[in-house]
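Following: one structure in structure tokens, then a few remarks.
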Amino acid sequence: MDKKLYEEFKEILRSELVPALGCTEPGAIACAAAEAGKLLKGETDSVEIWCSGNIIKNVKGVTVPNSGGMRGIEAAAALGILAGQSDAEKSKDLEILSSITQSQIAEAKEMIEKDICVCRLKEDTPNLYIKVIAKNKDHEVQVTVEESHTNIVSRVVDGRELSGEKGEKKDERAEKLKDHLTVREILAFADMMSAEDGKELFEEQVEYNTAIAEEGLNGDYGAKVGKTILKFREGCSVKTRAVAKAAAGSDARMNGCTMPVVINSGSGNQGITVTVPVAEYAAEMDIDRELLYKALAVSNLISIHIKHHIGKLSAFCGAVSASCGSAAAVAYLKGADYSKICRTISNTLGNVGGIVCDGAKASCAAKIASSLDAAFLGYDMAEDDLGFKPGEGFVEDDIEETIDNVGKIGRYGMKNTDKEILHLMLGHKDYICD
């Protein structure tokens, strides 16, 4: 791998691996609302939150962190407005709700009771789209986010676009850099990566994501998927612990835990999935930190690579792509070669490459567990030189062609699936469309 490509892969990881508090979609709404709150002068009389269907799907059923147990778009927006008014410097941060106070929670609940915050469905937009329109008797502010969770593409105050503030070029550049990802180059990057770079890129991810996994096992969150796995599976193998801890991290995160995670591909659940099982295997195998970092480079970049083909906020569950990365990293720790790592990924995609995303909620933990089980099975098969043959479904001889096929299924083939899931989730609730 040449030095230029090495630096590009580091740039991808720096762009993707950022801390977030709670589910990233409520966080994105809070960020946009915080920016609107910062720009609006005086009291807030009304807030409209125009969202793409995928944003509504991923916020509807999840607990907003530091909200006193509130759920949904209106709660995230109300808290975001208040956070932006009181702490403008953090208005772009996915941890914007970390400093919410009890008085702000009470004020947000009052805003919701008075119907000050209203959600609207915006059709024919990018999958990740949020526009917050905040008004009072004297002013109107509009803040628009597109394509990635903190990518503010427009700020409009009283009908005037703020000059020099349109879009964030780093998101666009990082997306283009992902076109250079291949499994072979990812492994070359991991082999080449220095311990210093590994610590910079992954130490915080290990610390945050393993901590929330432990919290999920120690607390009582959601459907307790992680705790259930440990309770009912015979024995306590490293594989069982790896799956249970990753699921437990999602249990906590989807159900109001205020601990931050370091995300992957815009998702905290994917961040947990690419980190926690790899760290658990490394501890079991008494692997040193430098090799752990190299394995995390494999898990994170393979997840990003597959998700880049699928696109943001698809009906294709991101736990699958993250589990591919995690199992590939475990294979890397055990000395697997390129061929076995490719077969591990292919076996996983050929098995569970079709789990649907029906929004962020408690069942995400179970989907992580199912995907990881399938991924470790895929690795076990690869170890015995077993796998699905080219031409069986969407599996091809070349792993890059298989990943491309999966991307087409998630990006294009599941568009109508996405719409139908949203329709079923919303039922007959009156989400006003433009």
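The values are calculated or read from the model by the stated rules, or taken from the named source; none is laboratory data. This is a predicted model, so every value here is computed, not measured. Here Cβ is always computed from backbone atoms with ideal geometry, including for glycine, and neighbour counts include all displayed protein chains. Note: areas computed on protein heavy atoms with side chains; ligands, DNA, RNA excluded. Shrake-Rupley method; radii C 1.70, N 1.55, O 1.52, S 1.80 Å.
Of the residues His149, His423, ranked by 1.4 Å probe accessible area with the largest first, the sequence reads His423, His149.
When both bridge partners sit in the chain, DSSP labels roughly 80% of those beta bridges antiparallel. Over the stretch 221-288, the pair-distance histogram of Cα-Cα distances with 10 Å bins from zero comes to 22, 48, 27, 3 percent, rounded to whole numbers. Each Lys or Arg adds one and each Asp or Glu takes one away; over the other residues whose Cβ falls under 9 Å from the Cβ of Val59, this sums to +2. Binning all Cα-Cα separations of the stretch 9-113 at 10 Å, short to long from zero, yields these whole-percent fractions: 16, 49, 27, 6, 1. Here's the list of aspartates and glutamates a cross-link from Lys224 could span, going by alpha-carbon distance under 12 Å and ignoring same-chain residues fewer than 8 apart: Glu215, Asp251.
Using Cα centres only, tell me the gap between the stretch 226-267 and the stretch 302-334 in whole Å. The stretch 226-267 and the stretch 302-334 have Cα centres spaced 17 Å from each other. By the rule of a C-alpha distance below 19 Å, with chain neighbours fewer than 8 residues away ignored, the lysines paired with Lys227 are Lys239, Lys245, Lys361, Lys367. Pairs of Lys residues in the stretch 1-103 that lie 8 or more places apart, or on two chains, and have C-alpha atoms under 30 angstrom apart add up to 14. Apolar share of the accessible surface for the chain: 48 percent from carbon plus sulfur atoms, 1.4 Å probe.
Rolling a 1.4 Å probe over the protein heavy atoms gives the stretch 268-424 an accessible area of 35 Å² per residue. From the coordinates of this entry, Cα extents along the principal axes in Å is computed, and it appears in (1) 63, 52, 45; (2) 131, 62, 44; (3) 69, 46, 44 under the label (3).
Rolling a 1.4 Å probe across the protein heavy atoms gives the stretch 1-73 an accessible surface of 29 Å² per residue. For the stretch 134-233, the solvent-accessible area works out to 53 Å² per residue, with a probe of 1.4 Å and every protein chain left in place. Computed over the chain, relative contact order equals 18 percent, with contacts defined as Cα pairs under 8 Å that lie 6+ residues apart.
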